[in-house]
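The structure appears below as structure tokens.
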Amino acid sequence: MKVLFFAGEKSVIGERLQKAMESVVNREQIEIMHNVGGLSERLCRPVHDLAAAVLVPGTLEEFSDILTIGDLLTSLRIILVLPERDEEASSNALDLYPRFTTYADQNSDEVVAVLEKILNRQVN
């Protein structure tokens, strides 16, 4: 199963998180997007081959753009990394029904652990 990885262009942890994810997912199994338009286009195609989506918006504005395409994300297991600690964004994040939410200033090990657990459940 593939993992959809969205890292906004201004994401401070996108590259680091991608490398960490490669410890549990083969590079070839990660579909990488860097803008919401590309993410939206990908989600308009069948998503049955995607085990999860890891979303790392670089700004709150980019996160708001992701919220506008939330309906396209409903069938995916989402791991969300918010760009900053903002009460409104944290509240709005619940609209995406993420399996796990964290912040860009946190350690990426938790994201990788949750992703690994999601992937293991897909296999079993």
Query - Extreme residue, modelled with the highest pLDDT, among residues of the stretch 1-59 that are among the acidic types (D, E) and either in contact with a Leu (Cβ under 7 Å, 6 or more places away or on another chain) or closer than 15 Å to I78 by Cα (or both) - result: E31
Query - Search result, residues across the stretch 48-73 that are over 14 Å from the mean Cα position of the chain (by Cα) and over 20 Å from A104 (Cβ atoms) - result: H48, D49, T68, D71
Report task. Please give the number of the condition D49 fails out of (1) in contact with a helix residue (DSSP H, G or I) (Cβ under 8 Å, 6 or more places away or on another chain); (2) within 18 Å of I118 (Cβ to Cβ). Result -> (1)
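The values are calculated or read from the model by the stated rules, or taken from the named source; none is laboratory data. Computed from a prediction, not measured in an experiment: that's the story for all the values here. No Cβ is skipped: glycine too gets one built from the backbone with ideal geometry, and neighbour counts run over all protein chains shown.
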